[in-house]
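First up is the structure itself, then whatever we jot down about it.
The values are calculated or read from the model by the stated rules, or taken from the named source; none is laboratory data. Given the structure is predicted, the values throughout are model-derived calculations rather than measurements. Here the Cβ is made from the backbone with ideal geometry for all residues, glycine too, and neighbour counts use every protein chain on show.
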């Protein structure tokens, strides 16, 4: 158990941050899943900027690594380009 007032505050703030990070990560994963489930190229093209923005934001906040973000965006771009 924490012994200092500041340590107790840190425990509370860490929990808040953990829940926020978890929510943002899960939301981005669901958006990626939805884009990959799309078979219409036009719809996928419209969804991509929003999904790419979500990926960039979670990478900027170190929820995921920058390289993972780049790989995800690259894979989505490849998927969209293969749609007809």
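Take the conditions in a helix (DSSP H, G or I), modelled with pLDDT of 95 or more, exposed (fewer than 12 other Cβ atoms within 10 Å of the Cβ) and over 14 Å from the mean Cα position of the chain (by Cα) and apply them to residue 6. Does it pass? Considered against the rule, which asks whether it is in a helix (DSSP H, G or I), modelled with pLDDT of 95 or more, exposed (fewer than 12 other Cβ atoms within 10 Å of the Cβ) and over 14 Å from the mean Cα position of the chain (by Cα), residue 6 comes out as no. For segment 36-56, a residue qualifies if it is within 27 Å of residue 17 (Cβ to Cβ) and touching a helix residue (DSSP H, G or I) at 6+ places or on another chain (Cβ under 6 Å), and the qualifying residues are 51, 52, 54, 55. Checked against the criterion of being surrounded by 12 or more Cβ atoms within 10 Å (Cβ to Cβ), under 9 Å from the mean Cα position of the chain (by Cα), in contact (Cβ under 8 Å) with a residue 12 or more places away in the chain and closer than 21 Å to residue 82 by Cβ, the candidates 34, 52 yield just one match: 52. Residues of segment 57-66 that are surrounded by fewer than 15 Cβ atoms within 10 Å (Cβ to Cβ) and either touching a helix residue (DSSP H, G or I) at 6+ places or on another chain (Cβ under 6 Å) or under 14 Å from residue 27 (Cβ atoms) (or both): 57, 61, 66.
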